[in-house]
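The values are calculated or read from the model by the stated rules, or taken from the named source; none is laboratory data. None of these values were measured; they are calculated from a predicted model. Cβ: placed from backbone, ideal geometry, glycine included. Neighbour counts: every protein chain shown. Heavy atoms of the whole protein, side chains included, go into the accessibility calculation; ligands, DNA and RNA do not. Shrake-Rupley method; radii C 1.70, N 1.55, O 1.52, S 1.80 Å.
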Amino acid sequence: MPQNFCVRFGDANHGWLPVKLITNKEEFLFTASYVPYDSLSELVEALSLFLRTGASKLVRWNTEPIEYEFVLSEYAEQARLEVFEYPGSQRIQGTGKAVFEFSGSRKSLIVPFWPALRDLETRVGFEQQWQRSLPKHKMQLLGQQIDKL
């Protein structure tokens, strides 16, 4: 049975944003800080790069002190999202604990992020509460790529 994948962002509040990843097998939730990484911009850039080339780019999320790393990869025509947890900012390669994984087609991995990101764009006061601007140009480019799927 193929897995379904869903992404949801909660309401930003004073620089904190709940992030929820859901499959029909598991849910993973954390609340990210707006500093020190521009995680949403990294996410949009990583999704766009992955769609264009299949290349992986890390997306870093800080929850003070725990940090998470999203890794997009492709193997044997399967797209994969792995989330690794690190106890702090010292993210030594190979020491992260895998806490979430989804595998499927490139489309089934990337497309669920799009409505969640678009929802953030339409929320009144989101950027003020998140304390960072959304990467509008990168969002536009990602939207064009998704439309071509």
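Overview of results
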| read-out | value |
| --- | --- |
| Test: residue in the range 36-50 that is open to solvent by less than 40 Å² (accessible area, probe 1.4 Å), touching a helix residue (DSSP H, G or I) at 6+ places or on another chain (Cβ under 8 Å) and in a strand (DSSP E or B) | no |
| Candidates Val7, Val99, Val83 - the one that is among the β-branched types (Val, Ile, Thr), farther than 27 Å from Arg123 by Cα and in a strand (DSSP E or B) | Val99 |
| Near pairs, Cβ below 6 angstrom, 6+ apart or cross-chain, from the range 131-145 (farther than 16 Å from Phe50 by Cβ) to any residue that is open to solvent by 70 Å² or more (accessible area, probe 1.4 Å) and of a type in the set (S, T, N, Q) | none |
| So Leu58, is it closer than 22 Å to Pro115 by Cβ and of a type in the set (A, V, I, L, M) | no |
| In the range 75-88, the residues that are farther than 16 Å from Leu51 by Cα, under 18 Å from the mean Cα position of the chain (by Cα) and not β-branched (Val, Ile, Thr) | Glu82, Phe84, Glu85, Tyr86 |
| Top-ranked residue in the range 10-35 [being among the charged types (D, E, K, R) and in a strand (DSSP E or B); ranked as most open to solvent (accessible area, probe 1.4 Å)] | Glu27 |
| Residue check for Glu77: more than 22 Å from Gln140 (Cα to Cα), among the acidic types (Asp, Glu) and surrounded by 13 or more Cβ atoms within 10 Å (Cβ to Cβ) | no |
| Residues of the range 38-78 that turn out to be small (Gly, Ala, Ser), out of contact with any strand residue (DSSP E or B) (no Cβ under 6 Å at 6 or more places or on another chain) and at pLDDT below 95, as a count | 2 |
| Residue selected from the range 85-121 under the condition without any contact (Cβ under 8 Å) to a residue 24 or more places away in the chain and open to solvent by less than 40 Å² (accessible area, probe 1.4 Å), by the criterion farthest from Gln144 (Cα to Cα) | Gly88 |
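Condition check ((1) in contact with a Phe, Trp or Tyr (Cβ under 8 Å, 6 or more places away or on another chain); (2) more than 15 Å from Asp38 (Cβ to Cβ); (3) among the hydrophobic types (A, V, I, L, M, F, W, C)) across all residues:
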| site | (1), (2), (3) |
| --- | --- |
| Val59 | yes, no, yes |
| Pro65 | no, yes, no |
| Leu72 | yes, yes, yes |
| Glu82 | yes, yes, no |
| Lys97 | yes, yes, no |
